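Okay, so here's the structure we're looking at.
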Amino acid sequence: MNGKIYSFPLCIEGRGLIYNRSVIEETLGREFDPLSVTTMDEFAALLDRLTAAGMKRPVSVAKEDWSLGAHQLQYIYETYDGTSEGAQEVIEAIKEGTLDLNSYDRMNQFLNMFDILREYNVARKDPLGADYDEMAIDLVDGKTAFWFNGNWAWPNLSEAGAENSDAYGFLPYFLNNDPEDFANREIQASPSKQIMIDGRVVSDQERTAAREFLNWIVFSEIGQQMIVKTCNLIPPFQNNPYEPADPLSRDIYNRVHEERAFNASAIVPNDHWAVLGASMQKYLAGRSSREELIQSIENYWEEQR
């Protein structure tokens, strides 16, 4: 900010539609190529094929406000052009009332995709009673084939019986039927967990120790191994030669290095996911209309002026 560095990231995190490839292949009786799904309609058709083959509800949708109000809803900001600057531009336009969300293409595209996930949700009859840990078990056991989440969900999948050698990965959060749209080709993945050194309360000795620690995790071989092998994180710095072991983190790691991920990260107020997550929960449960949800988003940002 203003030419100064105030923080640096601990790791890279990404999110999208987690798939269990072996479950999809067993259900359909043929090989599944994740790259063959490039649009919203193709994804919906895949869900139809899974349903016809006996998988009653192929998708898990978490009810948590942080998942709905941050990881899902924030696509309307982050997919404007795939950059953090673009996300901020959209947020300011919504806040100032110069962007009508009812006619904003990404708003309606997002809700179209969310409606598909809602329709095929394994907890469709009681979406607000869904259990997060049970969703991990469902994906591992084959009750479902997809779970919208991020690479941070691997410990849950691992506890449910998934192995590092298993074929899990991510599909994008499809927003339309244009296979050339970056949102349909890439997943969101960005540096996260920003580390900052306090400049007011700590002593000079503590500040020096903090800087030494940060240099240690970035530049020393032991520190680099600790980030990847002990903490199971995706390293954000190019000089770290170690690659993550679990399949979700490996998929994101490869996508970032192959430039198949977009690096947008929206900066929103700290009550965004609680307030609008609650609005998303109402919509998920069928207790509000699309128009009411959009109005709640506009009202929220109007209050931020």
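The values are calculated or read from the model by the stated rules, or taken from the named source; none is laboratory data. Computed from a prediction, not measured in an experiment: that's the story for all the values here. Note: ideal-geometry Cβ built from the backbone for every residue, glycine included; neighbour counts use all protein chains shown. For the accessible areas, the whole protein counts, side chains as well, though only heavy atoms, and no ligand, DNA or RNA atoms are used. Shrake-Rupley method; radii C 1.70, N 1.55, O 1.52, S 1.80 Å.
A compact table of results
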read-out	value
Selection from the range 3-32 of residues that are among the aliphatic types (A, V, I, L, M), under 30 Å from Met55 (Cα atoms) and buried (at least 20 other Cβ atoms within 10 Å of the Cβ)	Leu17, Ile18, Val23, Ile24
Residue satisfying all of: in the range 33-56; open to solvent by 70 Å² or more (accessible area, probe 1.4 Å) and aliphatic (A, V, I, L, M); nearest to Glu259 (Cα to Cα) among these	Leu35
Residue pairs meeting the criteria (Cβ under 6 Å; at least 6 apart or on separate chains; first touching a residue at least 24 places away in the same chain (Cβ under 8 Å) and under 21 Å from Ile227 (Cα atoms), in the range 182-201; second open to solvent by 30 Å² or more (accessible area, probe 1.4 Å) and in a loop (DSSP other than H, G, I, E, B))	Ser190/Asn263; Ser190/Ser265; Pro191/Pro236; Gln194/Ser7; Ile195/Ser7; Met196/Ser7
Cross-chain or 6+ apart pairs with Cβ under 6 Å, the range 202-225 first and under 17 Å from Glu243 (Cβ atoms), then open to solvent by 60 Å² or more (accessible area, probe 1.4 Å) and part of a helix (DSSP H, G or I)	Gly223/Trp216
Breaking point among (1) in a helix (DSSP H, G or I); (2) in contact with a strand residue (DSSP E or B) (Cβ under 9 Å, 6 or more places away or on another chain); (3) of a type outside the set (Asp, Glu), for Pro155	(2)
The range 109-119, residues that are surrounded by 15 or more Cβ atoms within 10 Å (Cβ to Cβ) and over 18 Å from Gly86 (Cβ atoms)	Leu111, Asn112, Met113, Phe114, Ile116, Leu117, Arg118
Enumeration of residues in the range 88-137 that are more than 21 Å from Gln295 (Cα to Cα) and of a type in the set (Ser, Thr, Tyr)	Tyr120, Tyr132
Tabulated pairs, the range 276-301, first touching a residue at least 40 places away in the same chain (Cβ under 8 Å), second open to solvent by 30 Å² or more (accessible area, probe 1.4 Å) and outside any helix (DSSP H, G or I), C-beta under 7 angstrom, 6+ apart or interchain	Gln281/Lys63; Leu284/Lys63; Ile294/Asn102
Test: residue in the range 162-179 that is closer than 19 Å to Leu10 by Cα and modelled with pLDDT of 95 or more	no
Residue check, Ser22 among the hydroxyl-bearing types (Ser, Thr, Tyr) and touching a helix residue (DSSP H, G or I) at 6+ places or on another chain (Cβ under 9 Å)	no
